[in-house]
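Okay, so here's the structure we're looking at.
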Amino acid sequence: METSPLQIARYKYQPKLPKILQNDISQVCVSYGRETESVSDQDKIRALFPNTYGMKEISFINAPSTATKRKLTVAVILSGGQAPGGHNVITGLYDALKKAGRDNILLGFKGGPSGLLEDSYVEFTDDFIDAYRNTGGFDIIGSGRTKLETVEQFQVVAEVAKRHSIDAIVIIGGDDSNTNAAVLAEYFAAQKLPVQVIGCPKTIDGDLKNDVIETSFGFDTACKTYSELIGNIERDANSAKKYWHFIKVMGRSASHIALECALECQPNICLVGEEVEAKKQGLSEIVGHIADVVAQRAADGNNFGVAIIPEGLIEFIPEVKGLIGELNELLAKEAGAYAALEGFTTQAGFITSRLSAASAAVFNSLPVDIQKQLLMDRDPHGNVQVSRIETEKLLISMTATELAKRKAAGTYSGKFNALGHFFGYEGRCAFPSNFDADYCYSLGYNAFLLIANGLTGYMSVVNGLSKGPAAWNAGGIPITKMMNVERRHGEDKPVIRKALVELDGKPFTYFASKRAQWERETCYTFPGAIQYYGPEEVCDITTRTLALEQA
């Protein structure tokens, strides 16, 4: 198989580790911190996780290890959507395992959680691993979205673990995947089965974070990839001077990607879903604001601009959020009856007759294409698949209508030619930035130390990330610490709470302080492609979000 020069060079890159992980493994010791409790719903979460609730946060320090030296067989799976750096989590885990003992074994189960259920795996070797170092994607073993949530599934996993003498399972995934990890760890503990479960924080959306987890892996690379593309479009917009570009970026439940790209590129408009919800802004208010900016720039002779829209924006708009909540409940409870219907008109009638009057009115006010997208198949968690909803086209259409009204009233005389874009998959499997390559390798290496010290139900944590890797800290956090109860498939479920953009946080407040200037003036910045070689301030730079948060 042919490889590109960059691919060959990235194979040879040696990721940087925190100083504590550079020590001989025999000189890395667990230091226990305070006991933890869940972020909310403490009584409910404690009742659901009696064996793994309230465990202590841990950090690793330089001291003689108390870990029992033993031969280990570890399983690893990739779960959920791809994120740059996943391969390096596995290579870091593999290298640490082999450094501790060449007879240790790492098994990669194929296709995500279903690989565990189907006992489909590969045993990693040096040659196998070396072909994936510092590369993007999840193609090393593939991924999947099967949920591990039933006793029957847990029993199958337990049998597979027993068959291969597996001591620990590492689940590399996002909030839902790590919720599954917590539930699986609780099952093993309750059954007194000697199988540990460790999670690693993955999602490009950036919403798996808290006071200990500073960022999820893949966020850095994805944002830099999108920012390069947005910068290119900004340059084109400022050159042609005739188009408004509405760019939707990934971020289903939080607007971290949109905000980071705005900080990187300084577009004319960036909508932040959390602000929309906090201010209870309706669709008409949002469109009115966009039209105001378009009109102001047109008055200056600038009939062009760039707007960034988070993928999940539509779920933050109060009246639409209410509609989606009702739709999710309705389609969960009456899935059979709905599936038997033929034709969109019949389906829409069935839906609107069962919605509240307010939600039915909102549904009927939307363009038919958007109505159809709202009724598409739900994701595995019972939620509308917002990536399929063309919010950028909805806003373009509604803005054009509003501007036409203003032109008829004589209050607007500019030109509005708009193009829509969606940047999603372009950022999920890119070559990881040096930051993500280092961070992910450290997470995998650290996961081994959690296993070696007999811990289960923990997430691998590396923090202090705004500094160079040598100064990073390593440790673990009980997954139950991050959990609360949410409504899923019409039922209350324990899940890891998503971290939303904090409107009083430094990244958003900085953005808000610049927004008025960026709206009226052309202040575009052009991040360019990810750099892998050169000065540290260029090739190892962190996201603007992390830099502002940790300043």
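Per-residue answers, yes or no, for (1) farther than 23 Å from E159 by Cα; (2) touching a Ser or Thr at 6+ places or on another chain (Cβ under 6 Å); (3) free of Cβ contacts under 8 Å to residues at least 40 places away in the same chain:
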{"residue": "G80", "(1), (2), (3)": "yes, yes, no"}
{"residue": "I90", "(1), (2), (3)": "yes, no, no"}
{"residue": "Y94", "(1), (2), (3)": "yes, no, no"}
{"residue": "G101", "(1), (2), (3)": "yes, no, yes"}
{"residue": "G108", "(1), (2), (3)": "no, no, yes"}
{"residue": "G111", "(1), (2), (3)": "no, no, yes"}
{"residue": "F128", "(1), (2), (3)": "yes, no, yes"}
{"residue": "N134", "(1), (2), (3)": "yes, no, no"}
**OP:** Would you point out the residue of segment 480-522, among those that are of a type in the set (K, R) and closer than 19 Å to D211 by Cα, that is farthest from the chain's Cα centre (by Cα)?
**Re:** K506
**OP:** State yes or no: is G251 buried (at least 23 other Cβ atoms within 10 Å of the Cβ) and in a loop (DSSP other than H, G, I, E, B)?
**Re:** yes
**OP:** Any chance you could count how many residues in segment 111-138 are within 26 Å of the chain's Cα centre (by Cα) and not in a helix (DSSP H, G or I)?
**Re:** 11
**OP:** May I ask you to list the residues in segment 506-525 that are surrounded by 16 or more Cβ atoms within 10 Å (Cβ to Cβ) and assigned to a loop (DSSP other than H, G, I, E, B)?
**Re:** T522, Y524
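Residues are listed down the side, and each one gets a yes or a no for (1) in contact (Cβ under 8 Å) with a residue 24 or more places away in the chain; (2) of a type in the set (S, T, N, Q):
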{"residue": "I351", "(1), (2)": "yes, no"}
{"residue": "S387", "(1), (2)": "yes, yes"}
{"residue": "E392", "(1), (2)": "yes, no"}
{"residue": "A409", "(1), (2)": "no, no"}
Original post:
Would you pick out the residues in segment 526-545 that are crowded, with 19+ Cβ neighbours inside 10 Å and modelled with pLDDT of 95 or more?
Top reply: P527, I530, T543, R544, T545
**OP:** Taking the residues in segment 13-36 that are of a type in the set (D, E, K, R) and touching a residue at least 12 places away in the same chain (Cβ under 8 Å) as candidates, determine which candidate is farthest from Y533 (Cα to Cα).
**Re:** E35
Subject >> Tabulated pairs, segment 415-426, first among the basic types (K, R), second surrounded by fewer than 19 Cβ atoms within 10 Å (Cβ to Cβ), C-beta under 6 angstrom, 6+ apart or interchain >> reply: K415/N303
Original post:
Within segment 20-45, how many residues turn out to be of a type in the set (D, E, K, R) and surrounded by 14 or more Cβ atoms within 10 Å (Cβ to Cβ)?
Top reply: 3
Original post:
Hey, among the residues in segment 370-404 that are among the aliphatic types (A, V, I, L, M) and not in a helix (DSSP H, G or I), which one's modelled with the lowest pLDDT?
Top reply: V384
**OP:** Could you please find all residues in segment 200-215 being touching a Ser or Thr at 6+ places or on another chain (Cβ under 9 Å) and in a loop (DSSP other than H, G, I, E, B)?
**Re:** T203, I204, D205, G206, D207, L208, K209, E214, T215
**OP:** Kindly establish whether E311 is surrounded by 23 or more Cβ atoms within 10 Å (Cβ to Cβ), under 23 Å from G251 (Cα atoms) and of a type in the set (D, E, K, R).
**Re:** yes
Original post:
Among strands (runs of 3 or more DSSP E) lying entirely in segment 405-500, which contain 3 or more residues that are surrounded by fewer than 23 Cβ atoms within 10 Å (Cβ to Cβ)?
Top reply: 418-423, 483-488, 491-496
Original post:
Considering segment 46-55 alone, what residues qualify as being touching a residue at least 24 places away in the same chain (Cβ under 8 Å) and surrounded by fewer than 15 Cβ atoms within 10 Å (Cβ to Cβ)?
Top reply: P50
Original post:
Can E329 be described as over 24 Å from L263 (Cβ atoms) and acidic (D, E)?
Top reply: yes
**OP:** Being within 23 Å of F423 (Cβ to Cβ) and among the small types (G, A, S) is the filter here, so list the residues in segment 262-289 that pass it.
**Re:** A262, G273
Original post:
Within segment 446-467, is even one residue in contact with an Asp or Glu (Cβ under 9 Å, 6 or more places away or on another chain), touching a residue at least 60 places away in the same chain (Cβ under 8 Å), closer than 25 Å to K224 by Cα and β-branched (V, I, T)?
Top reply: yes
**OP:** Go through V197, V170 for me and flag whichever is surrounded by 21 or more Cβ atoms within 10 Å (Cβ to Cβ), in contact with a Cys (Cβ under 8 Å, 6 or more places away or on another chain), at pLDDT 95 or above and not in a helix (DSSP H, G or I).
**Re:** V170
Subject >> Among the residues listed as S227, S177, the single one being in a helix (DSSP H, G or I), touching a residue at least 40 places away in the same chain (Cβ under 8 Å), surrounded by 19 or more Cβ atoms within 10 Å (Cβ to Cβ) and not assigned by TED's automatic domain parsing to the domain that holds T480 >> reply: S227
**OP:** Inspect segment 246-258 for any residue being over 19 Å from G206 (Cβ atoms) and touching a helix residue (DSSP H, G or I) at 6+ places or on another chain (Cβ under 6 Å) and give the result as yes or no.
**Re:** yes
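The values are calculated or read from the model by the stated rules, or taken from the named source; none is laboratory data. Remember, it's a predicted structure, so these values are computed and weren't measured experimentally. Here the Cβ is made from the backbone with ideal geometry for all residues, glycine too, and neighbour counts use every protein chain on show.
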